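Below: one structure, written as structure tokens.
The values are calculated or read from the model by the stated rules, or taken from the named source; none is laboratory data. This is a predicted model, so every value here is computed, not measured. Positions of Cβ are generated from backbone atoms using ideal geometry, with glycine treated the same way; all protein chains shown enter the neighbour counts. Heavy atoms of the whole protein, side chains included, go into the accessibility calculation; ligands, DNA and RNA do not. Shrake-Rupley method; radii C 1.70, N 1.55, O 1.52, S 1.80 Å.
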Amino acid sequence: MHQLFVYNSLSRTREEFQPIHEGKIGMYVCGPTVYSDVHLGNCRTFTSFDVIYRFLKYMGYKVRYVRNITDVGHLVGDADTGAEDKISRKARLDQLEPMEVVQRYANGFQEMMNIFNLLPPDIEPRATGHIIEQIEMIQSLLDRGYAYEKNGSVYFDTPKYISRDHEYGILSGRVVEELMQESRDDLKGQAEKNHSSDFALWIKAEPTHLMRWPSPWSVGFPGWHLECSAMSTKYLGTHFDIHGGGTDLKFPHHENEIAQNVGACGEAPANYWLHTNMLLLNGRKMSKSEDNSVTPQQLFTGDSKHFSKGFSPMVVRFFMLQAHYRSTLDLTDEALIAAEKGYKRLMEVLKTLETLQAENTGDLSDLDQEIVSLMDGVIDDMADDFNTPKALAKLFELTSKINALGGRQLDPKDLHKDTLMRLQTFFPSFIGEVLGLKDDSSDQDQQLVGGLMELIIELRKNAREHKDWGTADKIRDTLTALSIQLKDGKDGTSWAKS
Ligand code: AMP
Ligand code: ZN
């Protein structure tokens, strides 16, 4: 088995991966806050963890992958107190039940994850389904002296945590003295907290606040950081292998998760912290407010000033894999056009590979050795902190060899039967199972047929309006011969295959 190495944000070094329980891995990834449509940045982060999950399974680990849905407690502007809950706000603005908001955007999120061919996590817990666990954790923090109550709200006591020799800032590198200085400068607006570096565990609800639960302290709702501590502990235990999320979550979200777990459970939650980098659009941060953003749908249809055409979800997925998960990824028209070519080449070569035949059963040739070492290299690259761009580069070297064998520039007589058998198993399974790429040409064909049918129906309508019955009948008869039935209704004409 190849040894796995991961870059651990906690130690800021590449480390040899050792699971806590042999052959098993527990992995927690912070999921989306479901108050608006999923954006491409989220898609990038979750696609990165999907490939990590897939590769760990490919290596033979039994993985329990937990990815939550945040449906309460995440305040506007990622504020800690004094701001409205993102879901509660959306519900108020749209005059919906908060759970209607949650359901709508959770459904949309899941649909998009499917479109990008992500495997569902093993457990997808929601914060509102774990209020009791969160109350219990707060109680434990109070009992152990790591938290204090003020006017019905409960806060984590960071100076107390530090005074007990715990390192607040261990993950993010935030300097405690600076945080303490900030707390002196900044106390006015945060009257309830003793220090501005303290953070809310339980927030007393204002009378207008829509989401509220009874607790020993007040009718209120839990803080955002707490849900992940409570749910990861519930499903993976107090000590598990991998915790992940986007790099923007390192501080304060993940830093606070560590403090909460250390305070309530006596140990840091995860051995390895993995952080994915941000998605850019034309070299700048993707941001709606700066008019520098694109939705997944706009990218698929090409309906955006930033793109000359649409790109299929699998092309976008392939494009994402061309960058390492710890590098920023810049979405540009040229890069996607290039990715489309690469993706198509990979899908084509799968067909060529199926047609290859090998006769050699004797000694291994240089060609055999090259192919075997490229296949091993692909796995080595993935085992080296999930280096998808390097693995893809080797897959393209293999692609050149396969194409040369198919086109006879390389002699298939030099290929050993065993090498070909291994290649014919490895290559498609790696692309499908680990990279999660599938041939979407049939989806594209369907789109094309849909577009053509719209055109044909329009032409028939025009013909009928001009009393050109000959053309109209010819269209209908030809379609009938192709087993396509037109149905004229009051909302226009629809079609179906009979
Ligand atoms: P949110 O729904 O904002 O809580 O974010 C869900 C996940 O998406 C988190 O892990 C974020 O770090 C990640 N994320 C948010 N914006 C981006 C971005 N522009 N690029 C990559 N990941 C992002
Ligand atoms: Zn989280």
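Identify all residues within the range 37-64 that are farther than 21 Å from Leu281 by Cβ and within 16 Å of ligand 2 (Cβ to nearest atom); write none if there are none. Steps first, please.
Within the range 37-64, the first condition is being farther than 21 Å from Leu281 by Cβ, and the residues that meet it are 49-64.
Listed by number, the list holds a single entry, Phe49.
Only residues that are within 16 Å of ligand 1 (Cβ to nearest atom), within 18 Å of Glu149 (Cα to Cα) and touching a Ser or Thr at 6+ places or on another chain (Cβ under 9 Å) were counted across the range 198-239, and they come to 3. In the range 221-243, the residue that is farthest from the chain's Cα centre (by Cα) out of those that are within 12 Å of ligand 2 (Cβ to nearest atom) and among the small types (Gly, Ala, Ser) is Gly223.
Among Lys305, Lys344, which is the only one that is open to solvent by 20 Å² or more (accessible area, probe 1.4 Å) and out of contact with any helix residue (DSSP H, G or I) (no Cβ under 9 Å at 6 or more places or on another chain)? Show your work before the answer.
On the way: Lys344 fails: out of contact with any helix residue (DSSP H, G or I) (no Cβ under 9 Å at 6 or more places or on another chain).
When all the criteria are applied, what remains is Lys305.
Under the condition of being within 16 Å of ligand 1 (Cβ to nearest atom) and either over 22 Å from Met231 (Cβ atoms) or over 19 Å from the mean Cα position of the chain (by Cα) (or both), the residues counted in the range 48-73 number 3.
Among Glu370, Glu354, Glu340, which is within 22 Å of the chain's Cα centre (by Cα), within 24 Å of Ala391 (Cβ to Cβ) and away from ligand 2 (no atom under 16 Å from the Cβ)?
On inspection, the qualifying residue turns out to be Glu340.
In the set (1) away from ligand 2 (no atom under 16 Å from the Cβ); (2) of a type in the set (A, V, I, L, M); (3) open to solvent by less than 10 Å² (accessible area, probe 1.4 Å); (4) over 21 Å from Trp202 (Cβ atoms), the condition left unmet by Val34 is number (1).
Residue count for the range 240-289, restricted to those that are of a type outside the set (Gly, Ala, Ser), within 15 Å of ligand 1 (Cβ to nearest atom) and either touching a Pro at 6+ places or on another chain (Cβ under 7 Å) or outside any loop (DSSP other than H, G, I, E, B) (or both): 22.
Given the criteria surrounded by 24 or more Cβ atoms within 10 Å (Cβ to Cβ) and either in a strand (DSSP E or B) or aliphatic (A, V, I, L, M) (or both), does Tyr65 qualify? Reasoning before the result, please.
Working: surrounded by 24 or more Cβ atoms within 10 Å (Cβ to Cβ): yes; either in a strand (DSSP E or B) or aliphatic (A, V, I, L, M) (or both): yes.
The answer is yes for Tyr65.
Need the failing condition index for Tyr235 against (1) in a helix (DSSP H, G or I); (2) open to solvent by less than 40 Å² (accessible area, probe 1.4 Å); (3) touching a residue at least 24 places away in the same chain (Cβ under 8 Å), just the number. Here Tyr235 meets the rest and fails (2).
With the structure loaded, tell me whether Ser429 is part of a helix (DSSP H, G or I), exposed (fewer than 14 other Cβ atoms within 10 Å of the Cβ) and among the hydroxyl-bearing types (Ser, Thr, Tyr) or whether it fails that test. Even if it seems obvious, please write down each step before you answer.
Values: part of a helix (DSSP H, G or I): yes; exposed (fewer than 14 other Cβ atoms within 10 Å of the Cβ): yes; among the hydroxyl-bearing types (Ser, Thr, Tyr): yes.
So Ser429 fits the description; yes.
I'd like to check something: does the range 282-290 contain any residue that is modelled with pLDDT of 95 or more, surrounded by 17 or more Cβ atoms within 10 Å (Cβ to Cβ) and more than 30 Å from Gly23 (Cβ to Cβ)? No, the range 282-290 contains no residue that is modelled with pLDDT of 95 or more, surrounded by 17 or more Cβ atoms within 10 Å (Cβ to Cβ) and more than 30 Å from Gly23 (Cβ to Cβ). Taking the criterion of being within 16 Å of ligand 1 (Cβ to nearest atom) and touching a Leu at 6+ places or on another chain (Cβ under 9 Å), the residues of the range 1-41 that qualify are Ser9, Met27, Tyr28, Val29, Cys30, His39, Leu40, Gly41.
Identify, from the list Asp477, Asp473, the residue that is surrounded by 12 or more Cβ atoms within 10 Å (Cβ to Cβ), among the acidic types (Asp, Glu) and either more than 30 Å from Ser312 (Cα to Cα) or modelled with pLDDT of 90 or more (or both).
Working: Asp477 fails: surrounded by 12 or more Cβ atoms within 10 Å (Cβ to Cβ).
Asp473 is the lone residue from the list that is surrounded by 12 or more Cβ atoms within 10 Å (Cβ to Cβ), among the acidic types (Asp, Glu) and either more than 30 Å from Ser312 (Cα to Cα) or modelled with pLDDT of 90 or more (or both).
Give me the residue from the range 37-62 that is outside any helix (DSSP H, G or I), without any contact (Cβ under 8 Å) to a residue 60 or more places away in the chain and not aromatic (Phe, Trp, Tyr) and, out of that set, most open to solvent (accessible area, probe 1.4 Å). Explain how you work it out, then say what you get.
So the first thing to find is which residues in the range 37-62 are outside any helix (DSSP H, G or I), and the list is 37-39, 59-62.
If we keep only those that are without any contact (Cβ under 8 Å) to a residue 60 or more places away in the chain as well, we get 60-62.
This time we only want the ones that are not aromatic (Phe, Trp, Tyr), so: 60, 62.
Working: Gly60: 58, Lys62: 141 Å².
Looking at the filtered set, the residue picked out is Lys62.
If you check Ala191, Ala205 for being closer than 23 Å to Gly77 by Cα, open to solvent by 60 Å² or more (accessible area, probe 1.4 Å) and at pLDDT below 95, only one passes: Ala191.
Please determine, by comparing only the residues of the range 1-31 that are among the aromatic types (Phe, Trp, Tyr) and open to solvent by less than 10 Å² (accessible area, probe 1.4 Å), which one is farthest from ligand 2 (Cβ to nearest atom). Across the range 1-31, the extreme among qualifying residues is Phe17.
Inside the range 347-362, can you point out the residues that are outside any loop (DSSP other than H, G, I, E, B) and open to solvent by 10 Å² or more (accessible area, probe 1.4 Å)?
Here is the first cut: in the range 347-362, the residues outside any loop (DSSP other than H, G, I, E, B) are 347-355, 360.
Met347, Glu348, Leu350, Lys351, Thr352, Glu354, Thr355, Asn360 - these are the residues of the range 347-362 that are outside any loop (DSSP other than H, G, I, E, B) and open to solvent by 10 Å² or more (accessible area, probe 1.4 Å).
Within the range 69-87, the set of residues being assigned to a loop (DSSP other than H, G, I, E, B), open to solvent by 10 Å² or more (accessible area, probe 1.4 Å) and either under 14 Å from Ile131 (Cβ atoms) or of a type in the set (A, V, I, L, M, F, W, C) (or both) comprises Ala79, Ala83. Checking the stated criteria, Val76 turns out to be modelled with pLDDT under 95 and in contact with an Asp or Glu (Cβ under 6 Å, 6 or more places away or on another chain). Listed by first and then second residue, the pairs linking a residue in the range 478-492 that is under 15 Å from Val449 (Cα atoms) to a residue that is among the small types (Gly, Ala, Ser) and open to solvent by 80 Å² or more (accessible area, probe 1.4 Å), with Cβ atoms under 8 Å apart and 6 or more places separating them unless they lie on different chains, are Ser483/Ser498; Ile484/Ser498; Gln485/Ser498.
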